[in-house]
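Report on one structure; see the data block that follows.
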Amino acid sequence: MEVIRIALIGNLVWYPVSYVEDLDKSQPTRFTLLGQDIVLWWDKNEQMWRGFVDKCPHRLAPLSEGRINESGQLECPYHGWDFSGTGQCDRIPQQVEGGKAEVSGRACATTLATTVRQGLLFVYPGRVENAPHTIYE
Ligand code: FES
């Protein structure tokens with residue numbers, strides 16, 4: 001049996017949010033963790049589960065109501081912005097030719113650290129950069 005040791009930074013820990021086998025890789029899944037809406041989705045490009053805060057950086061639409069598009073990116077249901085697994089906005093359909101608004105940090109989705117252990121998807125609700133310091137194998 002795999003043993004996982006965890007450490008606390010602040011009062012945050014990793015939370016198991018779903019059995020992986022219960023998630024659908026073809027569509028985003030909404031989940032509420034500690035009162036915060038998040039969206040879980042399968043990043044086929046990196047072959048890993050992703051967790052984002054469930055708010056589009058454009059107009060705060062719930063990304064969980066979007067879709068995973070043909071490129072394997074999470075697409076917002078309102079205006080179609082596409083997000084890679086790192087939260088980077090890769091496409092703004094309405095943008096005028098030559099525009100580069102997608103490179104702005106304000107166009108990025110807020111990501112959460114995820115890991116799969118023993119068939120469970122865990123999400124760390126704190127700052128992504130703190131996540132590696134809170135789990136040891
Ligand atoms: S609200 Fe998401 S693209 Fe506009």
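Using the Cβ-Cβ distance between S104 and K44 with R0 = 22 Å, the FRET efficiency computed as 1/(1 + (r/R0)^6) comes to roughly 0.30.
Neighbours of A61, meaning other residues whose beta-carbon lies under 12 angstrom from its beta-carbon, give a summed charge of -2 when Lys and Arg score +1 and Asp and Glu score -1. By the rule of a C-alpha distance below 25 Å, with chain neighbours fewer than 8 residues away ignored, the lysines paired with K100 are K55.
Starting from the Kirkwood Rh over alpha-carbon pairs, what translational D in µm² s⁻¹ does segment 81-137 have by Stokes-Einstein at 25 °C and 0.890 mPa s? The diffusion coefficient I find is 183 µm²/s. Segment 73-133 and segment 28-61 have Cα centres separated by 8 Å. A cut-off under 15 angstrom between Cβ atoms defines the neighbours of Q73, and their net charge, with Lys, Arg +1 and Asp, Glu -1, is -2.
Ranked by the mean number of other Cβ atoms within 10 Å per residue, highest first, peptides 73-81, 58-66 order as 73-81, 58-66.
Based on the convex hull around the alpha carbon atoms, segment 16-129 presents an average projected area of 7.1 nm².
Measuring nothing but how far apart in sequence close Cα pairs (under 8 Å, 6+ apart) lie, relative to its length, segment 1-112 scores a relative contact order of 17 percent.
Where a number appears in this text, it was derived from the coordinates with a stated rule and is not lab data. Given the structure is predicted, the values throughout are model-derived calculations rather than measurements. Here Cβ is always computed from backbone atoms with ideal geometry, including for glycine, and neighbour counts include all displayed protein chains.
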